[in-house]
Amino acid sequence: MKIGIIGHGKMGKAVESQALKRGHTIFLLPLPSPTASVEFADIDCAIDFSHAKVALGAVTECLLAGKHIVSGTTGWNDHLIFVQNLCKELDGSFCWAPNFSPGMHIMMHLNGVLADIMDRFKAYTPNLLEIHHTAKKDSPSGTAIAIADQIVGKIDRMKQWKLKSDEAKTEGTLTIDARREKDVKGIHRVNYRSAQDTISLRHHALSREGFALGAVLAAEWMENKTGYFTFEDVLDFKTMP
């Protein structure tokens, strides 16, 4: 498959490495700008790991060109409804996830199962810790937001989430402690604490290769498919108990 990479930073380079290992041909595509459009004619699918300010333009141009696109860029979630509608209108193919690590999505699947259980155990208060490298711009991470949204959506006593650094916590608020430390690829930990004990669920990314491989697997899976997809569709967790 001919894969175009949008954003050739650390993640883009990791995607290139994984795609080449799997026998794909790579094209490095420029970031879209008001004065220059991206040429998609030579590719079958694009993989976007750019940044929030250009992701919408990159995804839109790719869909208008009739190409499949996978995006792991975070910080532009407010525009995803627009892309979902555009994808439907154009009969396009788009897959977005805040995290393409298969291991992370196993944790998120377990997070949903655990939240369903903990809804009944009101003595436990959940909180969330996420740690990333100092170059990561969005805080909390897109993955942390997805985890928090799962918990708030499944536990009735949790009404919202807020960053720990925000104003004083109110009842029914899930606290996210977002930290930035040198050379940390990604740590996410969910804690449920009571007066008697603590239950924890944790994922620690050791390298970017897992994220990159997941994005390439998504691109392969999307071939000959149309629609708006998440990485859970790729991993097919719907068939799991």
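Would you confirm, using the coordinates I've provided, whether residue 190 is in contact (Cβ under 8 Å) with a residue 40 or more places away in the chain, more than 19 Å from residue 108 (Cα to Cα) and not charged (D, E, K, R)?
Working: in contact (Cβ under 8 Å) with a residue 40 or more places away in the chain: yes; more than 19 Å from residue 108 (Cα to Cα): no; not charged (D, E, K, R): yes.
No; evaluated as a whole, the condition is false for this residue.
The C-beta contact set for the stretch 116-131 (first residue closer than 14 Å to residue 154 by Cβ, second residue assigned to a loop (DSSP other than H, G, I, E, B) and of a type in the set (Ser, Thr, Tyr), distance under 8 angstrom, 6+ apart or interchain) comprises 118/124; 121/194; 124/194. Name the single residue, out of those in the stretch 160-192 being touching a strand residue (DSSP E or B) at 6+ places or on another chain (Cβ under 7 Å) and of a type in the set (D, E, K, R), that is modelled with the lowest pLDDT. Among residues in the stretch 160-192 that are touching a strand residue (DSSP E or B) at 6+ places or on another chain (Cβ under 7 Å) and of a type in the set (D, E, K, R), the one modelled with the lowest pLDDT is 169.
Given the structure, is residue 19 under 15 Å from residue 217 (Cα atoms), modelled with pLDDT of 95 or more, in contact with a Lys or Arg (Cβ under 8 Å, 6 or more places away or on another chain) and in the same structural domain as residue 95 (by TED's automatic domain parsing)? Explain how you work it out, then say what you get.
On the way: under 15 Å from residue 217 (Cα atoms): yes; modelled with pLDDT of 95 or more: yes; in contact with a Lys or Arg (Cβ under 8 Å, 6 or more places away or on another chain): no; in the same structural domain as residue 95 (by TED's automatic domain parsing): yes.
So residue 19 does not fit the description; no.
Just the residues that are assigned to a helix (DSSP H, G or I) and either of a type outside the set (S, T, N, Q) or farther than 13 Å from residue 56 by Cβ (or both), please, taken from the stretch 70-84. Outline the logic, then answer.
Going residue by residue through the stretch 70-84, those that are assigned to a helix (DSSP H, G or I) are 77-84.
Answer for the stretch 70-84, where residues must be assigned to a helix (DSSP H, G or I) and either of a type outside the set (S, T, N, Q) or farther than 13 Å from residue 56 by Cβ (or both): 78, 79, 80, 81, 82, 83.
Annotation note: of 40, 49, 82, the sole residue that is among the aromatic types (Phe, Trp, Tyr), within 28 Å of residue 186 (Cβ to Cβ), assigned by TED's automatic domain parsing to the domain that holds residue 226 and surrounded by fewer than 23 Cβ atoms within 10 Å (Cβ to Cβ) is 82.
The values are calculated or read from the model by the stated rules, or taken from the named source; none is laboratory data. Not measured: the values here are computed from a predicted model. Positions of Cβ are backbone-derived with ideal geometry, glycine not excepted, and every protein chain shown enters the neighbour counts.
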